[in-house]
Amino acid sequence: LKILFSSRIEAPERWLPLLQSLLPEDEFVLEGGNDIDVAIVASPHPGVLKRLGNAKLIQSLWMGVERLLEDPDLPRNVPLARLVDPGMTAAMTETVLAHTLDWHRRLYRYREQQKTRTWKRFRQYMASDHTVGILGMGALGTAASRPLLDLGFKVVGWSRRAKTVEGVACYTDLHEVLLRSDVVVCLLPLTAQTQGVLNLENLKKIREGGGVINCARGPHVVRDDLIAVLDSGHLAHAWLDVFDKEPLPEDDPLWTHPKVSVTPHAAALTEPRTAVVEIAKNIEAVRRGERPPHLVDFQAGY
Ligand code: NDP
């Protein structure tokens, strides 16, 4: 197969040696015409997508594909696979666990107290006292739910279609999830339906004293509504990894808000060592004439 690698962000030297070692009989190129069989892309170079009408697969290097789907040059007749990378999934699980425990153990408040040398203990809760609401029970949400359940947290989840995940109370009605949640973790894809989902009305439904963890995409959260709900004291803290504009502009009030923890879109990075194994499996499926898993549903937008 002729395999094109095109990215303005991911360096080919990080990926190609690993890919070539798993797919030794295939030809890898960095530029190509209409004869490409498989294209591996992440922010591809301009003009690349338009030439892929004959390809058998476009493989994204990222889990979120909203930017590719927005591109009018993306051929809609070619299957598009998201990357479901075990290394990245593990990283996201760790991040969700870290922020949830930061909230549950009130560590963010002790860090704040240290600034004023304040020695004051807060009431202790057991994990089973708290419910974590996961918005988006997909690859990442489902993986993150497991260690939370193991620690004893109650977990409720929201998905578009009805779902069964062991130990998790799953709902398709967001209202049901938010009303039960002490802390809400957003792991949704960004679509027309999910944009702005964490707005004033919905944020107010989260239990008092709760927290918000957004590790999905910035536009899921309406920034000024979140600030209002934090300032009102209804929610205690927000952990934000993603923003409407990235890098987060220097003058953005989120940088200095005392109830906001900012990370630079670092909740989970693609891990080439594990990702290439999944990509190679997808390419082997194409070689056998099969459809690889995790294909994007163009209608649903993710
Ligand atoms: P999946 O496609 O596996 O899961 C998406 C989940 O969201 C599914 O459960 C889906 O429901 C649900 N969902 C989608 N639309 C709606 C809707 N309208 N109402 C209710 N639920 C909905 O995605 P992943 O878990 O792999 O990734 C999720 C997102 O995480 C990515 O799109 C990406 O934007 C973000 N991400 C962020 C990273 C970071 O570093 N900050 C790193 C990696 C990913 P259903 O099960 O019914 O399909």
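The values are calculated or read from the model by the stated rules, or taken from the named source; none is laboratory data. Since we're looking at a predicted model, the values are computed, not measured. Please note: Cβ atoms are built from the backbone with ideal geometry, for glycine as well, and neighbour counts cover all protein chains shown. Note: areas computed on protein heavy atoms with side chains; ligands, DNA, RNA excluded. Shrake-Rupley method; radii C 1.70, N 1.55, O 1.52, S 1.80 Å.
Taking the alpha-carbon centroid of each part, what is the distance from the stretch 232-287 to the stretch 37-103 in angstrom? Using only Cα atoms, the two centres lie 14 Å from each other. Taken about its Cα centre, the stretch 192-302 carries a charge dipole of roughly 500 debye when the Cβ of each Lys and Arg holds +1 and the Cβ of each Asp and Glu holds -1.
The residue list SER43, ALA11, ILE134 was ranked by how far each Cα lies along the charge dipole of the chain toward its positive end, using unit charges on Cβ atoms, and ILE134 comes out on top. Within the accessible area of the chain, the carbon and sulfur atoms contribute 52%, probe 1.4 Å, all protein chains present. Shown in residue order for the stretch 225-239 are the 3J(HN,Hα) couplings computed by the Karplus curve 6.51 cos²θ - 1.76 cosθ + 1.60 at θ = phi - 60°: 5, 5, 4, 4, 6, 6, 5, 6, x, 5, 9, 8, 6, 10, 10 Hz (x for Gly and Pro).
A cut-off under 15 angstrom between Cβ atoms defines the neighbours of LYS205, and their net charge, with Lys, Arg +1 and Asp, Glu -1, is -3.
Taking each residue as 0.36 nm, the span from ALA11 to ASP129 lengthens on full extension beyond its C-alpha to C-alpha distance by 37.9 nm. Taking label positions 7 Å along the Cα-Cβ direction at both GLU166 and ALA98, the computed distance is 2.8 nm, reported to one decimal.
Only the Cβ atoms of Lys and Arg (+1) and of Asp and Glu (-1) were treated as charged; on that basis the dipole of the stretch 190-256 about its Cα centre amounts to roughly 360 debye.
Between the listed residues CYS215, HIS234, GLN59, the Cα displaced farthest toward the positive end of the dipole of the chain, a dipole computed from Cβ unit charges relative to the Cα centre, is found at HIS234. Estimated from the Cβ-Cβ distance and a Förster radius of 25 angstrom, the FRET efficiency linking LYS120 and ASP231 is about 0.65.
Pop a pseudo-label 7 angstrom from the Cα along the beta-carbon direction at both SER21 and LEU295 and give the gap in nm to one decimal. In this crude spin-label approximation the distance works out to 3.1 nm. Put a dot 7 Å past the Cα of ASN199, heading toward its Cβ, do the same for ALA90, and the two dots end up 4.0 nm apart. Relative protection proxy for 193-206, 5-18, from highest mean packing down: 193-206, 5-18 (other beta-carbon atoms within 10 angstrom). Assuming charge only on the beta carbon of Lys and Arg (+1) and of Asp and Glu (-1), the dipole of the stretch 103-256 about its Cα centre is about 680 debye to the nearest 20. Using the Cβ of SER43 as centre and a radius below 14 Å, the other residues enclosed give a net charge of -4, where K and R count +1 and D and E count -1. Stretching GLU31 away from ASP71 to a fully extended chain increases their span by 12.5 nm, per 0.36 nm per residue minus the current alpha-carbon distance.
Whole number in Å², please: accessible area per residue of the chain, 1.4 Å probe, ligands, DNA and RNA not counted. Accessible area per residue, the chain: 50 Å².
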